[in-house]
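Enquirer: Structure provided below as structure tokens; questions to follow.
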Amino acid sequence: MLVRSLPGAFVGALLACAGSQTAAAQAAPQGVKNIVLVHGAFADGSSWAKVIPLLEAKGYHVTAVQNPLTSLAADVAATKRVLAQQEGPVLLVGHAWGGMVISEAGNDAKVAGLVYVAAFAPDPNQSLGELTKNAPTPGLQKIRADAGFLSLTPPGINEDFAPDLTPTERTVLAATQQPIAAAAFDEKISAVAWKTKPTWYIVAANDHLISPILEQAMAQKIKATTLVLSTSHVPMLSQPHKVTAFIAEAAKNLLAK
């Protein structure tokens, strides 16, 4: 009766507001709503540029860490600072070297689950150098050293890092490449979060930086829900929609855990 006594324009505004609230509620994701993305070596947070808007469109709150890449400890600290800013549980996602970072930082109480995207999943007390010593790849042969930091050569970017991207995209990757401290590859993980938290893994079947055989072995070791994509080392750039769907499904499934 009250609604009928109100002016038509006001009633219309109320109904429109109610409709938008209902739509917003329907758009809000179920499960974990905070997603933190951790980039790898030879890159920065912009490596997630295609995935971020797709996840945001699904209603997730997304934050990309900017790793200094000066040491494993520094990258873990940078990730923990971002985790501290989140309100509620977090799905922590790491690409490549970012897998080392999330394996350590993922022990944070806010982290509900881990997604590895063509990423390293080390054992306790293991370094990246130890993890890869028996799994050589063409891309690892195209790393150059300069004043204690490592970067990929132009052929490394074009032929091994992202050969399935356009020439323009590869040029951008080369221009935004962030070198990593060589000493970081010898730093060892302490406690690994994948032993106690749910995990997901995307295997990049055409990866020339990390051996796809090693990726499969790591995914099996950590008992991860696994997706195999026919991509280079950067599936989040070459197949962003499939990567986004996989991450969103992981976040949704954490509701039942």
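The values are calculated or read from the model by the stated rules, or taken from the named source; none is laboratory data. Being a predicted model, the structure only gives us computed values, none of them experimental. In this analysis, Cβ positions are derived from the backbone assuming ideal geometry, glycine residues included, and neighbour counts consider all displayed protein chains.
Enquirer: Would you confirm, using the coordinates I've provided, whether residue 187 is in contact with a Phe, Trp or Tyr (Cβ under 8 Å, 6 or more places away or on another chain), at pLDDT 95 or above, under 16 Å from residue 102 (Cβ atoms) and of a type in the set (Asp, Glu)? Break it down into steps so the answer makes sense when it comes.
Expert: Details: in contact with a Phe, Trp or Tyr (Cβ under 8 Å, 6 or more places away or on another chain): no; at pLDDT 95 or above: yes; under 16 Å from residue 102 (Cβ atoms): yes; of a type in the set (Asp, Glu): yes.
In short, no.
Enquirer: Answer yes if at least one residue in region 205-214 is in contact with a strand residue (DSSP E or B) (Cβ under 6 Å, 6 or more places away or on another chain) and within 15 Å of residue 115 (Cβ to Cβ), and no otherwise.
Expert: Checked against the condition, which is being in contact with a strand residue (DSSP E or B) (Cβ under 6 Å, 6 or more places away or on another chain) and within 15 Å of residue 115 (Cβ to Cβ), region 205-214 yields no hits at all.
Enquirer: Restricting attention to region 142-170, which residues are buried (at least 18 other Cβ atoms within 10 Å of the Cβ), in a helix (DSSP H, G or I) and not small (Gly, Ala, Ser)?
Expert: Passing the criteria: 142, 157, 158, 160, 161, 170.
Enquirer: Any idea which residue in region 113-141 is nearest to the chain's Cα centre (by Cα), counting only those that are buried (at least 18 other Cβ atoms within 10 Å of the Cβ), farther than 18 Å from residue 198 by Cβ and among the aliphatic types (A, V, I, L, M)?
Expert: Looking at the filtered set, the residue picked out is 118.
Enquirer: Between a first residue in region 213-238 that is assigned to a strand (DSSP E or B) and a second residue that is aromatic (Phe, Trp, Tyr) and surrounded by 15 or more Cβ atoms within 10 Å (Cβ to Cβ), which pairs have beta carbons less than 7 Å apart while being 6 or more apart in sequence or on different chains?
Expert: Partner pairs satisfying both residue conditions: 225/200; 226/201; 227/246.
Enquirer: Can you find, within region 192-237, the residue that is nearest to the chain's Cα centre (by Cα) among those that are under 16 Å from residue 122 (Cα atoms) and among the hydroxyl-bearing types (Ser, Thr, Tyr)?
Expert: So, considering only residues that are under 16 Å from residue 122 (Cα atoms) and among the hydroxyl-bearing types (Ser, Thr, Tyr), the one nearest to the chain's Cα centre (by Cα) is 201.
Residues checked against (1) surrounded by fewer than 24 Cβ atoms within 10 Å (Cβ to Cβ); (2) closer than 22 Å to residue 64 by Cα; (3) over 15 Å from the mean Cα position of the chain (by Cα):
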| residue | (1), (2), (3) |
| --- | --- |
| 190 | yes, no, yes |
| 239 | yes, yes, no |
| 248 | yes, yes, no |
| 251 | no, yes, no |
| 255 | yes, no, yes |
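Enquirer: With (1) out of contact with any Pro (no Cβ under 8 Å at 6 or more places or on another chain); (2) outside any helix (DSSP H, G or I); (3) within 16 Å of residue 140 (Cβ to Cβ) as the list, and residue 178 as the residue in question, which single condition is left unmet?
Expert: (3)
Enquirer: So is residue 137 under 22 Å from residue 202 (Cβ atoms) and assigned to a loop (DSSP other than H, G, I, E, B) or not? Steps first, answer last, please.
Expert: Numbers: under 22 Å from residue 202 (Cβ atoms): yes; assigned to a loop (DSSP other than H, G, I, E, B): yes.
Judged against the criteria, residue 137 is a match.
Enquirer: What residue, among those in region 239-248 that are outside any loop (DSSP other than H, G, I, E, B) and free of Cβ contacts under 8 Å to residues at least 24 places away in the same chain, is farthest from residue 160 (Cα to Cα)? Give the steps one after another, and end with the answer.
Expert: Initial filter on region 239-248 (outside any loop (DSSP other than H, G, I, E, B)): 240-248.
From what is left, the residues that are free of Cβ contacts under 8 Å to residues at least 24 places away in the same chain are 242, 245.
Values: 242: 21, 245: 25 Å.
Ranking the candidates gives 245 first.
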